[in-house]
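Colleague: To start, I am sharing the structure in question, which I have written as structure tokens.
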Amino acid sequence: MTSLSEAHQGYWQVLPLHPTDKSHQHSPYHATSLFAFNPLLISPDLMVEEGIIDQSELISLFSIDSSGAGFLHVAPVKMNFLRSAARQNHCGSDDPGFEQFRSRNRSWLEDYALFSAIASSRGTDWSAWPESLRDREPAALAEERHKLSPAIEEDQYIQYVAFSQWDALHDHAGKHGVSIIGDLPLYPAYESADVWAHKDLFRLDEEGRPLAVAGVPPDYFSSTGQWWGNPVYRWEAIEAQGFSWWEQRVKHLLSIGDCLRFDHFRGLEACWEIPATAATAGEGHWVRAPGHALLSCLAGRFPSLPLIAEDLGTITQEVRDLMAAFCIPGMRVLQFGFNRDPKNPHAPEAIGEDVVFYTGTHDNNTVRGWFEEEAGREEMDRIASVLGRLPAPEESARDMIELALHTKAQVVMIPVQDLLSLGSGARMNRPGTTEGNWQWRLQPGEPRPDDWTWLRERTIQAGR
């Protein structure tokens with residue numbers, strides 16, 4: 001965080017910080033809870049500093065992590081390590097801070113811990129659980145809480161450790177002038193504590209299975225559209241409750257961040273509903289959503305409403321009007337800016353002050369990967385025209401960063417892969433695919449001091 005500040009950077013954007021599921025490649029957009037924190041982000045080193053564990057206990061964990069084992073293999077090892085640490089600390093029974101944390105977060109923590117404990121043996125597909133658990137019959141839940149109380153207490157304590165570390169990091173960032181941009185996914189995963197505990201808010205059948213799921217129609221990323229599989233909302237039920245569940249979500253996320261990127265913002269105006277029995281996402285249709293009513297409610301509760309709209313893809317005038325009504329900036333992506341369309345909103349010369357400008361996003365290739373593997377002749381000609389030359393592949397990412405920094409955009413966001421000039425092997429996600437995503441990790445010591453120095457110098461030169 002100090003490095004960001006010294007490099008004259010005022011924002012740090014993160015992917016969703018929620019717990020992830022191995023069956024979905026640990027995608028942060030397929031979270032098992034929209035309120036809990038991902039335990040895999042806990043720092044064992046900080047646990048040593050905090051006196052939770054002894055330094056000697058890190059040897060086995062780090063020997064596995066440094067062996068080159070993939071993330072999917074390391075994740076369960078780390079969870080076993082965290083559970084062992086929870087037991088060693090008697091799950092916070094002697095820590096008054098833990099009881100305060102549990103009291104403040106009771107509205108979601110109890111359901112999440114119970115869900116996680118049941119899922120550890122029965123799987124996250126709660127519709128396949130015994131009917132009494134699936135339908136949350138009070139007697140069945142009470143029996144499970146009693147039977148699974150050790151695991152429930154472990155999960156609650158692990159959440160306490162995770163939030164304690166993150167709160168300290170958030171506070172540290174603020175003291176150094178760095179604001180954290182969090183991520184607010186529009187939908188929870190079906191296999192989540194949220195859907196299980198609030199079935200009435202989603203379009204489900206009597207057995208709890210989705211009647212329709214979310215996605216997007218065919219677009220730049222996929223010729224057949226994207227089938228996300230998230231259950232869609234029963235907006236009429238949510239609105240009848242005064243959007244209280246949404247208020248709780250936003251309040252919670254703004255307690256751990258300073259601003260929120262609203263993923264798939266256009267779904268607030270109309271969402272792409274795909275029948276659960278459909279063969280592809282292309283069989284879906286648009287269904288109107290009460291975005292104006294929801295945002296009005298949120299603006300009344302959070303007057304500044306610090307949102308960034310992810311408005312990529314098929315965007316209508318109605319969506320633009322919704323953003324304008326609440327003064328919500330949108331996104332532009334430099335990689336999309338090099339065709340010869342005179343009305344291209346992503347072109348460097350078209351970028352205004354009212355957008356957040358990205359060299360790329362987690363759904364794009366890295367700039368270098370895009371330059372080496374995806375950019376066509378027309379785009380190469382346009383790049384050469386804008387820059388005055390065609391850069392070498394190893395120079396392309398930083399040339400694009402400089403170009404972005406010199407636009408009128410008030411905020412420019414740079415994926416760390418682009419700062420490091422990494423190729424397509426560092427790509428985070430390939431939309432429309434289910435394998436090999438969300439596995440890239442920053443290595444210790446990165447970015448290097450000279451990377452931060454370069455970024456600081458270019459930021460100052462651009463007058464930022």
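The values are calculated or read from the model by the stated rules, or taken from the named source; none is laboratory data. Being a predicted model, the structure only gives us computed values, none of them experimental. Glycine also receives a Cβ, built like all others from the backbone with ideal geometry; neighbour counts cover every protein chain displayed. Ligands, DNA and RNA are stripped out before the accessible areas are found, and what is left, the full protein with its side chains, is counted by its heavy atoms. Shrake-Rupley method; radii C 1.70, N 1.55, O 1.52, S 1.80 Å.
Colleague: Do the conditions hold for His346, that is, is it surrounded by 20 or more Cβ atoms within 10 Å (Cβ to Cβ) and more than 30 Å from Leu204 (Cα to Cα)? Walk me through how you get there before you give the answer.
Modeller: Details: surrounded by 20 or more Cβ atoms within 10 Å (Cβ to Cβ): yes; more than 30 Å from Leu204 (Cα to Cα): yes.
When the stated conditions are applied, His346 passes them.
Colleague: If you don't mind, another one. List the helices (runs of 4 or more DSSP H) inside region 88-202, counting only whole elements, that have at least 1 residues being loosely packed, with under 14 Cβ neighbours inside 10 Å. If you could, list the steps in order and put the result at the bottom.
Modeller: On the way: elements: 96-104, 106-122, 131-134, 138-147, 149-175, 193-197.
Of the helices (runs of 4 or more DSSP H) lying wholly inside region 88-202, those with at least 1 residues that are loosely packed, with under 14 Cβ neighbours inside 10 Å span 96-104, 106-122, 131-134, 138-147, 149-175.
Colleague: Of all residues in region 67-94, which are small (Gly, Ala, Ser) and either within 19 Å of Gln165 (Cβ to Cβ) or modelled with pLDDT of 95 or more (or both)? First the steps, then the outcome.
Modeller: Initially, region 67-94 is screened for residues small (Gly, Ala, Ser), giving 67-70, 75, 84-86, 92-93.
Those that are small (Gly, Ala, Ser) and either within 19 Å of Gln165 (Cβ to Cβ) or modelled with pLDDT of 95 or more (or both): Ala75, Ser84, Ala85, Ala86, Gly92.
Colleague: Let me ask something additional. Among the residues of region 416-432, write down those that are more than 26 Å from Ser223 (Cα to Cα) and in a loop (DSSP other than H, G, I, E, B).
Modeller: Leu420, Ser421, Leu422
Colleague: Output yes when any residue across region 426-435 is modelled with pLDDT of 95 or more, farther than 30 Å from Ala281 by Cα and aliphatic (A, V, I, L, M), and no when none is.
Modeller: No, the conditions are met nowhere in region 426-435.
Colleague: Kindly check whether there is at least one residue in region 298-309 that is small (Gly, Ala, Ser), surrounded by 17 or more Cβ atoms within 10 Å (Cβ to Cβ) and closer than 29 Å to Leu403 by Cα.
Modeller: We begin by selecting, within region 298-309, every residue small (Gly, Ala, Ser); these are 299-300, 304, 309.
Narrowing further to those that are surrounded by 17 or more Cβ atoms within 10 Å (Cβ to Cβ): 309.
Filter again for closer than 29 Å to Leu403 by Cα, leaving 309.
The answer is yes; a qualifying residue exists.
Colleague: If you don't mind, there's one more thing I want to ask. Taking only pairs six or more apart or across chains, which ones have beta-carbon atoms under 8 Å, a first residue in region 437-449 that is on the phi > 0 side of the Ramachandran plot, and a second residue that is open to solvent by 60 Å² or more (accessible area, probe 1.4 Å)?
Modeller: Pairs found: none.
Colleague: Quick one: would you say Gly369 is surrounded by 14 or more Cβ atoms within 10 Å (Cβ to Cβ) and within 21 Å of Ile308 (Cβ to Cβ)?
Modeller: No: the conditions fail for Gly369.
Colleague: Which one of the conditions (1) within 19 Å of Met79 (Cα to Cα); (2) modelled with pLDDT of 95 or more does Leu15 fail to meet, given that it meets all the rest?
Modeller: (1)
Colleague: I need every pair where a residue in region 313-335 that is within 14 Å of Asp354 (Cα to Cα) has its Cβ under 7 Å from the Cβ of a residue that is part of a helix (DSSP H, G or I) and not hydroxyl-bearing (Ser, Thr, Tyr), sequence separation at least 6 or different chains.
Modeller: Ala325/His292; Phe326/Leu295; Phe326/Ala299; Gly330/Met323
Colleague: Then there's this: Kindly indicate the residue of region 21-58 that is open to solvent by 30 Å² or more (accessible area, probe 1.4 Å) and outside any helix (DSSP H, G or I) and also farthest from Arg464 (Cα to Cα) among those meeting that condition.
Modeller: Out of the qualifying residues, it is Asp54.
Colleague: Oh, and also: Can you tell me which residues in region 216-266 are assigned to a strand (DSSP E or B), aromatic (Phe, Trp, Tyr) and over 16 Å from the mean Cα position of the chain (by Cα)?
Modeller: Selection gives Trp227, Tyr233.
Colleague: Tell me which of these Gly360 doesn't satisfy, since it passes every other one: (1) more than 18 Å from Pro447 (Cβ to Cβ); (2) out of contact with any Lys or Arg (no Cβ under 6 Å at 6 or more places or on another chain).
Modeller: That leaves (1) as the condition not met.
Colleague: Okay, next question. Within region 428-435, identify whether any single residue is touching a Gly at 6+ places or on another chain (Cβ under 7 Å) and under 24 Å from Leu72 (Cα atoms), and answer yes or no.
Modeller: Step one: list which residues in region 428-435 are touching a Gly at 6+ places or on another chain (Cβ under 7 Å), which gives none.
Looking for residues that are touching a Gly at 6+ places or on another chain (Cβ under 7 Å) and under 24 Å from Leu72 (Cα atoms), one finds none in region 428-435, hence no.
Colleague: For residues that are out of contact with any helix residue (DSSP H, G or I) (no Cβ under 8 Å at 6 or more places or on another chain) and either closer than 20 Å to Pro447 by Cβ or in contact (Cβ under 8 Å) with a residue 60 or more places away in the chain (or both), tally how many sit in region 364-409.
Modeller: 2
Colleague: Report yes if Ser396 is open to solvent by 40 Å² or more (accessible area, probe 1.4 Å), out of contact with any strand residue (DSSP E or B) (no Cβ under 8 Å at 6 or more places or on another chain) and part of a helix (DSSP H, G or I), otherwise no.
Modeller: The answer is no for Ser396.
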